[in-house]
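**Student:** Have a look at the structure that comes next, please.
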Amino acid sequence: MRHVICHYHIYKNSGTSFDRILRANYGERHISFDGPFPYFAINQQELARIIQRNPKAKAFSSHQTSLPPPCSLEFTAHPVVFVRHPILRIYSVYRYKREENDATLTSINARDMDFGDWCRHSLAHAQEIVQVSNAQTRTLGGSHGAVSLIRRRERSMEYDLVQARRNIAGVELLARTEHFEQDVARFRAVLQRHGIEFDPSGAEAHNVNASDFSLTVEDRLARIEAELGEETYARVVAANAQDLAIYAEVCARLDG
């Protein structure tokens, strides 16, 4: 049985750093791909075809694939997923979009607004709310052939948290942006059991646009709360209850 790595690259969750490690390990046998548009989605059958059409490849990475991994009699796909504290992730999205100048509404708003105004505007905007409410649960909550179930609340987006938990439970190669080096180091032993050689050397977060990344999570959150103010911070926290639940469960699993 062929065994391959499938990196489910969640936006602003240190995926670029992990892709560098995959490239260092496998060179041209690491295939990174996305569809022609940002909203493009690659389902399990399409991912299986990509894997089968690249028989020498060891690792695959995309922003546009979603769990659960594809099923096949020809190969076993081992998913890699990074999660991130949702408040820190939202702050990273804001700073990145503020600098990127990519002509999207998110980027335009980030350039024109401070972080507090951007959060308040996004929470009240029918399209932009997806940037600031449970984005990781949306990505992780899909089923075979379908994206996550979705429900729009007055002040948040709600997705299929039950399915997201099921999907995460099946991921051996699970890591956190905030503990990148520590968590990626675990991957070597896991992959060796499946006959895949993996060297985590140089496993540190690159492309990090937060100047306070060296601080503890608690200190960084305190800074964000001070910047947003108590009321707005509470609104952002409430709008990310599902992502916070996932993050807490992943931390308990990896630190337990």
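The values are calculated or read from the model by the stated rules, or taken from the named source; none is laboratory data. Keep in mind the model is a prediction, meaning the values are calculated, not measured. In this analysis, Cβ positions are derived from the backbone assuming ideal geometry, glycine residues included, and neighbour counts consider all displayed protein chains. Surface areas here come from the heavy atoms of the whole protein model, side chains and all, with no ligands, DNA or RNA. Shrake-Rupley method; radii C 1.70, N 1.55, O 1.52, S 1.80 Å.
**Student:** Taking the condition of being more than 20 Å from ALA238 (Cβ to Cβ) and touching a Phe, Trp or Tyr at 6+ places or on another chain (Cβ under 8 Å), how many residues in region 150-173 meet it?
**Tutor:** So the count comes out to 1.
**Student:** Please find, among SER66, SER61, the residue that is buried (at least 20 other Cβ atoms within 10 Å of the Cβ) and within 18 Å of ALA146 (Cα to Cα).
**Tutor:** SER66
**Student:** Taking the condition on the phi < 0 side of the Ramachandran plot, in contact with a helix residue (DSSP H, G or I) (Cβ under 8 Å, 6 or more places away or on another chain), of a type in the set (S, T, N, Q) and in contact (Cβ under 8 Å) with a residue 60 or more places away in the chain, does ASN134 pass?
**Tutor:** Judged against the criteria, ASN134 is not a match.
**Student:** Answer yes if at least one residue in region 192-213 is touching a Gly at 6+ places or on another chain (Cβ under 9 Å), at pLDDT 95 or above and of a type in the set (Asp, Glu), and no otherwise.
**Tutor:** no
**Student:** Here is a further query. Would you tally the residues in region 39-65 being hydroxyl-bearing (Ser, Thr, Tyr) and either at pLDDT 95 or above or touching a Lys or Arg at 6+ places or on another chain (Cβ under 9 Å) (or both)?
**Tutor:** 2
**Student:** Further question: When region 81-134 is examined, which residues are found to be among the hydrophobic types (A, V, I, L, M, F, W, C), open to solvent by less than 10 Å² (accessible area, probe 1.4 Å) and assigned to a loop (DSSP other than H, G, I, E, B)?
**Tutor:** VAL132
**Student:** Checking ARG23 against (1) at pLDDT below 95; (2) open to solvent by 50 Å² or more (accessible area, probe 1.4 Å); (3) touching a strand residue (DSSP E or B) at 6+ places or on another chain (Cβ under 7 Å): exactly one of these is not met. Which one?
**Tutor:** (1)
**Student:** Looking for something open to solvent by less than 10 Å² (accessible area, probe 1.4 Å), assigned to a strand (DSSP E or B) and more than 19 Å from LEU161 (Cα to Cα) - is there at least one such residue anywhere in region 39-52?
**Tutor:** Scanning region 39-52, I find no residue that is open to solvent by less than 10 Å² (accessible area, probe 1.4 Å), assigned to a strand (DSSP E or B) and more than 19 Å from LEU161 (Cα to Cα), so the answer is no.
**Student:** Another question, then. Looking at TYR11, is it assigned to a loop (DSSP other than H, G, I, E, B), out of contact with any Asp or Glu (no Cβ under 9 Å at 6 or more places or on another chain), in contact (Cβ under 8 Å) with a residue 40 or more places away in the chain and open to solvent by 10 Å² or more (accessible area, probe 1.4 Å)?
**Tutor:** Judged against the criteria, TYR11 is a match.
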